[in-house]
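The next block holds one structure in the form of structure tokens; read it before the comments.
The values are calculated or read from the model by the stated rules, or taken from the named source; none is laboratory data. Computed from a predicted structure; not experimentally measured. Because the Cβ atoms are built from the backbone with ideal geometry, glycine has one as well, and the counts that use them run over all protein chains shown. When the accessible area is computed, the model is the full protein with side chains, heavy atoms only, and any ligands, DNA or RNA have been set aside. Shrake-Rupley method; radii C 1.70, N 1.55, O 1.52, S 1.80 Å.
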Amino acid sequence: MVNREQKLLIKKYFPKTIVVFFQFLYRLLIDIKDGVIIFSCKQPSHIFRLWILRRYGLRIGQNSSIHMGCRLYHPWNIMIGSNTIVNPSCILDGRAGLIIGNNVSISEQSLILSLQHDPQSKDFTLQGEKTYIEDYVWIGMRAIIMPGVKLGKGSIVAAGSVVTKNVEPYSIVGGVPAKSIGIRTKDLQYNLNYRKLFH
């Protein structure tokens, strides 16, 4: 506990504006809610953001980007390949593990989960397993990938879909729950490299 004398010293040598500034900086970096460590990407600098994320254990390859507004749960359990783009306001859940390959495009406000509550549990316990996103996957805006799902190489998830089962390579899926709606070409040779300025 801080006594009255210590409080006076803090007020004298650490003006309120400095304390508020450091609290603001801390909130820019990390939240802790219900024992879950959440890294909030609020810094308008890709270089600084990735530098901080790597300090927290995130493994991320060359030319990959994570835009502002994203939230990463337990970033030390997340691995991202090269040339992968995570657009603004996405949630990447690493609590049970998350592996994302190369040249993956994750559109805005998408959720990739690895942990959820067991609906049959009398104690509302958690359950989940590692989620895999293979190379060249394209996830549409506001799609939700449930825990333990594997998205095969080159597959596409349509915007607003909820994926509850594994997706075959080069399949196009959509809907709630997501079902096959097409097949994608297998001749994929692109390398993504996109960083929106100040995002």
Applying the selection to segment 61-79, what residues are crowded, with 20+ Cβ neighbours inside 10 Å, in a loop (DSSP other than H, G, I, E, B) and of a type in the set (G, A, S)? S64
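Could you count how many residues in segment 165-183 are β-branched (V, I, T), open to solvent by 70 Å² or more (accessible area, probe 1.4 Å) and within 18 Å of I112 (Cβ to Cβ)?
Going through segment 165-183 one residue at a time, the tally reaches 1.
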Show the residue pairs meeting these rules: Cβ distance below 8 Å; 6+ apart or different chains; first residue within segment 126-140 and within 14 Å of N103 (Cα to Cα); second residue in a strand (DSSP E or B) and among the hydroxyl-bearing types (S, T, Y). V137/S105; W138/S105; I139/S105
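For every residue, the table says whether it meets (1) of a type outside the set (G, A, S); (2) open to solvent by less than 30 Å² (accessible area, probe 1.4 Å); (3) farther than 23 Å from S82 by Cα; (4) touching a His at 6+ places or on another chain (Cβ under 8 Å).
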{"site": "K130", "(1), (2), (3), (4)": "yes, no, no, no"}
{"site": "A143", "(1), (2), (3), (4)": "no, yes, no, no"}
{"site": "V157", "(1), (2), (3), (4)": "yes, yes, no, no"}
{"site": "V163", "(1), (2), (3), (4)": "yes, yes, yes, no"}
{"site": "K186", "(1), (2), (3), (4)": "yes, no, no, no"}
{"site": "N193", "(1), (2), (3), (4)": "yes, no, no, no"}
{"site": "L197", "(1), (2), (3), (4)": "yes, no, no, no"}
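Got a sec? Which strands (runs of 3 or more DSSP E) wholly within segment 80-172 have at least 2 residues that are hydroxyl-bearing (S, T, Y)? So that I can check it myself, show each step before the final result.
Numbers: elements: 91-93, 98-100, 115-117, 126-128, 131-133.
Qualifying strands (runs of 3 or more DSSP E): 131-133.
Out of the residues in segment 86-110 that are aliphatic (A, V, I, L, M) and either in contact with a His (Cβ under 8 Å, 6 or more places away or on another chain) or surrounded by fewer than 20 Cβ atoms within 10 Å (Cβ to Cβ) (or both), state the one that is nearest to G152 (Cα to Cα).
Once the filter is applied, the top-ranked residue is I99.
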